[in-house]
1. Using θ = phi - 60° and the Karplus relation 6.51 cos²θ - 1.76 cosθ + 1.60, list the HN-Hα couplings for the stretch 63-74 in order, rounded to whole Hz, with x at every Gly or Pro.
2. Given the -39500 (n - 2.57) contribution per DSSP H run of 4+ residues, what per-residue ellipticity at 222 nm results for the chain, rounded to the nearest 500 deg cm²/dmol?
3. Between rounded, prolate and oblate, where does the stretch 171-213 land on the alpha carbon gyration tensor, with a ≥ b ≥ c its root eigenvalues, rounded for a/c under 1.5, else prolate if a/b exceeds b/c?
4. Compute the Cα gyration tensor for the stretch 101-213, then decide on rounded, prolate or oblate, letting a ≥ b ≥ c be the square roots of its eigenvalues: rounded whenever a/c is under 1.5, prolate when a/b is larger than b/c in the other cases, and oblate in all that remain.
5. By how many nm would the segment from E8 to E164 lengthen if fully extended, with 0.36 nm per residue of separation less the alpha-carbon distance?
6. Mind checking which of S138, S68, S95 has the largest fluctuation in a GNM of the chain, springs on alpha carbons under 10 Å?
7. Let me make sure I get this right: for the chain, a, b and c are the square roots of the gyration tensor eigenvalues over alpha carbons, sorted descending. Under 1.5 in a/c it's rounded, otherwise prolate if a/b > b/c, else oblate. Which is it?
8. Run the numbers for E189 and R73: contour at 0.36 nm per residue of separation, minus the present Cα-Cα distance, in nm.
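Just so you know, all these numbers are worked out from the coordinates, no wet-lab data involved. Just so it is clear, the model here is predicted, and its values are computed rather than measured. Positions of Cβ are backbone-derived with ideal geometry, glycine not excepted, and every protein chain shown enters the neighbour counts.
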Amino acid sequence: MKLRAGIEPFERHALRYDEWFERNRAVYEAELLAVKELLPREGRGVEIGVGSGRFGSPLGVRVGIEPSGELRRMARRRGIEVVAGVAERLPLRDSSFDYALMVTVLCFVEEPERAVEEVWRILKRRGVFVVGFIDRESPVGRIYERRKNESVFYRAAHFLSSEEILDLMKRKGFCDFKIVQTIFRPPWEVTELEPIKEGYGEGSFVVIRASKS
């Protein structure tokens, strides 16, 4: 079966992807803390595009959706119950989760609007959607955009701005937004934890939390 352009690099280079988090430990930990700040502490959660489990496992998210077989195996070793699937067609029941998490996933899906609709569908009433992403319009995000063809992973990415993601979430019915940002320098210059600030526009990594009305 031919894999999508956004999935194939992660299947072919799964170990290289997973090792990035060790090579860039300070960046990873800052992103992890930013997500943790807005992620619900209780309830049944799912991470869509769980990858190798680098976020879901330490954050206590026990269910994941992942299209790459190699990454699914890694995530299972980190204690996550992983199901094969893509964001636009989640193999999950309606209104079955208290919260859903996506980290650097929307830039790789073919239909972001459909993916957000699917999150709405699987969330319970007043469920929470937390999405972390590289903000294309941030100073470092612009560097990522210019240099994405140099990366085996980001070559297929379509980076979005915070405004675009907020607009998409609002149009699909989400409300009660909270936003934080981190990574204010190029990742290759980050050697210790970056601060976490409210809002967006400066940090390259932005996390948005919203509720299903």
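1. Values per residue, Gly and Pro as x: 10, x, 10, 8, x, 7, x, 5, 6, 4, 4, 5 Hz.
2. -9500 deg cm²/dmol
3. Here the stretch 171-213 falls in the prolate category.
4. Judged from the Cα gyration tensor, the stretch 101-213 comes out oblate (a/c at least 1.5, b/c at or above a/b).
5. 53.6 nm
6. The residue with the greatest mean-square fluctuation here is S95.
7. rounded
8. Taking E189 through R73 to full extension adds about 38.6 nm, to one decimal.
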